[in-house]
Amino acid sequence: MSKKETTNKLWDEGLKTRREVLGAEYVDGSIAKANEFQMAFQHITTEWCWGYAWNRPGLPRKTRSLLNLAMLTALNRSAEIKLHVLGALNNGVTVEEIKETLLHATVYCGIPAGLDAFKAANQVLTEQGAFDKPAAKKTSKKVAAKKAPAKKVAAKKASVKKSAE
């Protein structure tokens with residue numbers, strides 16, 4: 001196979017995969033907006049990222065999506081996280097799997113990177129209707145417990161002080 005045939009094959013396979021994962025409207029729009037300068041980037045992305053890496057045997061698309069979310073968290077790339085959360089949903093990744101991947105990445109990448117990743121993912125998941133409402137906030141028992149009246153607290157402190165003497 002000639003270099004040109006290989007490139008054409010990678011382009012065709014990459015374009016197909018890229019559309020399936022990210023959506024044809026997004027992909028076709030990116031290519032349509034690209035000028036001659038930007039087309040070099042479109043080619044390398046479509047041919048090598050989507051045509052070669054995403055079509056290799058050994059890992060299912062779902063796993064590749066989760067890896068992307070972790071790596072993009074490490075790189076703190078919120079715009080790409082949003083795009084790849086949508087791609088992950090298209091690849092059958094659950095909201096729970098996205099959450100656990102981002103939590104795991106947060107431990108290794110740091111709280112600020114994790115926070116940005118969670119914000120980006122939450123925006124997309126909300127827009128996609130992936131969950132109906134935010135998770136219920138858990139209230140700690142200390143906050144939820146009634147406060148003792150000030151007189152009782154003072155009396156208890158005095159009692160403890162006397163017994164200590």
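Laboratory data are not the source of any read-out in this text; all were calculated from the coordinates shown. Predicted model only: the values in this text are computed from it and were never measured. In this analysis, Cβ positions are derived from the backbone assuming ideal geometry, glycine residues included, and neighbour counts consider all displayed protein chains.
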(request) Determine, for Arg64, Arg56, the number of other Cβ atoms within 10 Å of each Cβ, and report the residues in order from fewest to most. (result) Arg56, Arg64
(request) State to the nearest 20 debye the size of the charge dipole of region 1-56 about its Cα centre, where the only charges are +1 on K and R beta carbons and -1 on D and E beta carbons. (result) 160
(request) Hey, could you grab the Kirkwood Rh for region 1-56? Inverse mean 1/r over distinct alpha carbon pairs, Å, one decimal. (result) 11.2
(message) If I stretch the segment between Ala53 and Lys119 completely, what's the gain in nm (0.36 nm per residue apart, minus their alpha carbon distance), one decimal?
(response) 21.0 nm
(message) If I model a spin label as a point 7 Å beyond the Cα along the Cα-Cβ vector, how far apart are those points for Ala32 and Glu100 in nm?
(response) 3.9
(message) Between region 78-109 and region 1-69, how far is it from one alpha carbon centroid to the other, in angstrom?
(response) 20
(request) Any aspartates and glutamates with Cα under 17 Å of the Lys99 Cα? List them, leaving off those in the same chain fewer than 8 positions away. (result) Glu80, Asp116, Glu127, Asp132
(request) Would you please put 26-35, 12-21 in order of how densely packed they are, using the mean number of other Cβ atoms within 10 angstrom per residue and starting with the highest? (result) 12-21, 26-35
